[in-house]
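Participant: Got a structure here, written out as structure tokens. Questions coming.
The values are calculated or read from the model by the stated rules, or taken from the named source; none is laboratory data. The structure presented is a predicted model; accordingly, all values stated were derived computationally and were not measured. We place every Cβ from the backbone using ideal geometry, glycine too, and count neighbours over all the protein chains shown.
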Amino acid sequence: MANHNSNNEANVLHPHITPMSTYLKVAGALFGLTFLTVIAHHFNAQLGAFAAPIAFLIAAVKATFVLLYFMHLKDDTNMNRAIFATGFFFLIVLLLFSVVDIVTRVVEVSPL
């Protein structure tokens, strides 16, 4: 017989049981967003400068679904959410520094 402890310690693993229907809905949304990405790619020329922001927005929504449901951040503690948010914050800082570096470069003309 399994031993069921009634104490609520912080170190005890409490699994979060998510219904299969939720996983199927999220998977369907991910497939739909992937299909939307393919459609957006076909209209790349018409979207012009908005093509990249739209692609990044779709990717961000897909990443949010994966983080919340498949990585169980929806049911996790605020500390783990803060750790993930900090990682994304520093990723954005890295990308911003890269963009600033590229934009502020001086074009060199070869004397030859």
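Participant: In segment 18-30, what residues are free of Cβ contacts under 8 Å to residues at least 40 places away in the same chain, surrounded by 10 or more Cβ atoms within 10 Å (Cβ to Cβ) and hydrophobic (A, V, I, L, M, F, W, C)?
Facilitator: Leu24, Ala27, Ala29, Leu30
Participant: So in segment 18-54, with the set limited to residues that are under 22 Å from Phe84 (Cβ atoms) and modelled with pLDDT under 95, which one is farthest from the chain's Cα centre (by Cα)?
Facilitator: Out of the qualifying residues, it is Thr18.
Participant: Next question, about the same structure. Determine which member of the set Phe70, Phe43, Phe88 is hydrophobic (A, V, I, L, M, F, W, C) and touching a residue at least 40 places away in the same chain (Cβ under 8 Å).
Facilitator: Phe70
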